[in-house]
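Notes for the one structure printed next.
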Amino acid sequence: MRIVPILVAVAALAAWPAPPAVAQNAKTPEELQRQVDELNERVAKLEAALAALQPVRAQPAPAVPPEQAALPVQPSVPASVGGGDVGAAASSKVFNPDMAVIGNFLGVAGKNPVDPSKAFEMRETEASFQAAVDPYARADFFLSFGESGVNLEEGFITFTTLPGGLLVKAGKMRAAFGKVNTLHTHVLPWADRPLVTTNLVGGEDGISDAGVSVARLIPAKGLFMEATGQVFRGDSENVFVSHHASDLSYVGHLRAYRDITEDANIDLGVSYARGQSFFVDDHSTLVGIDATFRWKPLQRSIYHSFVGRSEVIWNQTPHPVGPSSGSGFYVSGDYQFARRWFAGARFDASDRASNLALRDHGGSASVTFWPSEFSQVRGQYRHTTYAGDQQANELLFQLQFSIGAHGAHPF
């Protein structure tokens with residue numbers, strides 16, 4: 001095969017333009033020297049062209065020192081694929097949790113002689129950080145920023161692969177008491193919380209404390225059943241208080257879910273909570289029943305739906321004066337009449353935990369518009385009759401907006 005480069009070199013030499021003819025007797029030493037230099041230059045160029053046409057011989061790999069041969073080899077990662085930095089993107093996803101910020105702006109107009117509200121306030125800004133810790137657990141943190149400061153609304157780790165089908169949480173969390181107590185403010189179907197939640201279950205924060213939660217699914221034919229048991233430190237504002245390390249609070253919840261038809265389902269629950277009373281030096285006991293009915297036709301699910309909710313709560317607390325037991329409830333319904341429009345109504349009544357002889361009741365109506373899944377606008381009219389026949393009529397305007405990846409809340 002070496003004849004091919006030689007033939008190419010000969011052809012190149014033949015094609016090279018010849019120097020002009022010069023008479024032999026007219027050549028001077030200077031001209032002869034110039035012709036020799038030109039011939040040397042041509043030969044050098046031909047040798048370079050011939051060397052480029054010959055195959056490159058494999059060079060032996062340099063010897064690797066023994067101390068370097070023992071080192072592990074790191075796999076190389078492509079610098080970019082499709083114009084993006086894959087290595088940086090992968091590292092960013094691994095070491096950074098899913099983050100989101102949700103704003104909740106509230107405006108109130110009207111008169112409330114018992115519980116007045118500010119005309120405008122950034123009611124809450126919630127920042128969430130959620131990610132898997134390892135293959136066996138995940139962590140969730142929710143920080144609540146208000147006009148009065150910053151609060152750790154929830155921060156807990158969940159162990160998802162324990163034997164026996166157990167789901168264990170440890171940290172600060174909302175107690176699994178009823179439905180409304182488990183919901184963050186921005187996912188409520190109203191701009192406020194029902195009277196029974198405000199009067200008996202601690203209002204905005206509700207039963208929320210540091211502790212441990214254990215949940216397990218219960219096998220049942222045709223039913224989804226879940227049992228949850230929780231032990232807390234014993235401090236929940238306006239509900240339980242812990243004076244000593246032994247003043248723990250306990251919460252239990254049993255939930256049953258069943259599909260009625262392909263378009264409708266029902267969710268029932270029973271709750272129990274016990275701890276040191278916030279108002280008297282004795283134990284308080286709360287018992288609740290909650291029910292949720294959902295209707296969402298498969299063929300028109302983005303245009304029409306209905307959710308009916310109700311909770312009844314009993315409070316048993318020894319009081320130095322007055323009755324030692326009270327109760328409260330709410331009933332609500334929310335109907336979706338267009339793709340982004342919802343209308344709702346709620347009626348509620350409740351005794352006050354501080355004095356179970358005092359009872360408040362009220363009602364409200366709301367209209368909600370969702371421009372997108374990242375924003376929400378709501379208007380709500382609220383009428384409340386407090387104990388002593390004090391009347392309050394208010395118009396609430398709520399604007400919510402979110403950025404980032406926010407995980408789904410419990411169903």
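The values are calculated or read from the model by the stated rules, or taken from the named source; none is laboratory data. Because the structure is a prediction, the values reported are computed rather than measured. For neighbour counting, all protein chains shown are included, and Cβ atoms are generated from backbone atoms with ideal geometry for every residue, glycine included.
Across segment 283-301, the qualifying residues are those that are farther than 22 Å from GLY178 by Cβ and at pLDDT 90 or above, and the one among them that is surrounded by the fewest Cβ atoms within 10 Å (Cβ to Cβ) is PRO297. Just to be sure before I move on: is SER305 loosely packed, with under 15 Cβ neighbours inside 10 Å and free of Cβ contacts under 8 Å to residues at least 60 places away in the same chain in the structure I sent? In short, no.
The residue that is surrounded by the fewest Cβ atoms within 10 Å (Cβ to Cβ), among those in segment 340-398 that are without any contact (Cβ under 8 Å) to a residue 40 or more places away in the chain and charged (D, E, K, R), is ASP389.
Here THR182 fits the description: within 21 Å of the chain's Cα centre (by Cα), of a type outside the set (A, V, I, L, M), surrounded by fewer than 22 Cβ atoms within 10 Å (Cβ to Cβ) and within 21 Å of TRP314 (Cβ to Cβ). A single entry from VAL270, VAL214, VAL231 fulfils the requirement of being more than 19 Å from PHE156 (Cα to Cα), in a strand (DSSP E or B) and touching a Gly at 6+ places or on another chain (Cβ under 9 Å): VAL270. Among the residues making up segment 273-288, those that are touching a residue at least 40 places away in the same chain (Cβ under 8 Å) and assigned to a strand (DSSP E or B) are ALA273, GLY275, GLN276, SER277, SER284, LEU286, GLY288. Look at TYR250 and say whether it is in contact with a strand residue (DSSP E or B) (Cβ under 9 Å, 6 or more places away or on another chain), assigned to a strand (DSSP E or B) and more than 26 Å from PHE141 (Cβ to Cβ). So TYR250 fails the test. When PHE159, PHE145 are screened for being over 16 Å from the mean Cα position of the chain (by Cα) and farther than 25 Å from PHE105 by Cβ, only PHE159 passes.
Residue-level check: of (1) surrounded by fewer than 19 Cβ atoms within 10 Å (Cβ to Cβ); (2) modelled with pLDDT of 95 or more, GLY404 misses just (2). For segment 338-352, a residue qualifies if it is in a loop (DSSP other than H, G, I, E, B) and in contact with a strand residue (DSSP E or B) (Cβ under 6 Å, 6 or more places away or on another chain), and exactly one does: ARG340. Can you tell me which residue within segment 295-343, out of those that are under 28 Å from the mean Cα position of the chain (by Cα) and among the β-branched types (Val, Ile, Thr), is farthest from TYR257 (Cα to Cα)? Here the residue is ILE302.
Residues that are touching a residue at least 60 places away in the same chain (Cβ under 8 Å), crowded, with 16+ Cβ neighbours inside 10 Å and among the aliphatic types (A, V, I, L, M) within segment 97-154 comprise ALA100, ILE102, LEU106, VAL108, listed in sequence order. Kindly indicate whether PHE329 is of a type outside the set (Gly, Ala, Ser), without any contact (Cβ under 8 Å) to a residue 24 or more places away in the chain, more than 15 Å from ALA264 (Cα to Cα) and surrounded by 14 or more Cβ atoms within 10 Å (Cβ to Cβ). For PHE329, the condition - of a type outside the set (Gly, Ala, Ser), without any contact (Cβ under 8 Å) to a residue 24 or more places away in the chain, more than 15 Å from ALA264 (Cα to Cα) and surrounded by 14 or more Cβ atoms within 10 Å (Cβ to Cβ) - is not met. Given the options THR182, THR158, name the one that is β-branched (Val, Ile, Thr) and over 24 Å from VAL287 (Cβ atoms). Every option except THR158 fails the conditions. Does THR317 satisfy the criteria of being of a type outside the set (Asp, Glu) and closer than 25 Å to VAL168 by Cα? No, not satisfied. Reported count of residues in segment 318-337, each being assigned to a loop (DSSP other than H, G, I, E, B) and touching an Asp or Glu at 6+ places or on another chain (Cβ under 7 Å), is 1.
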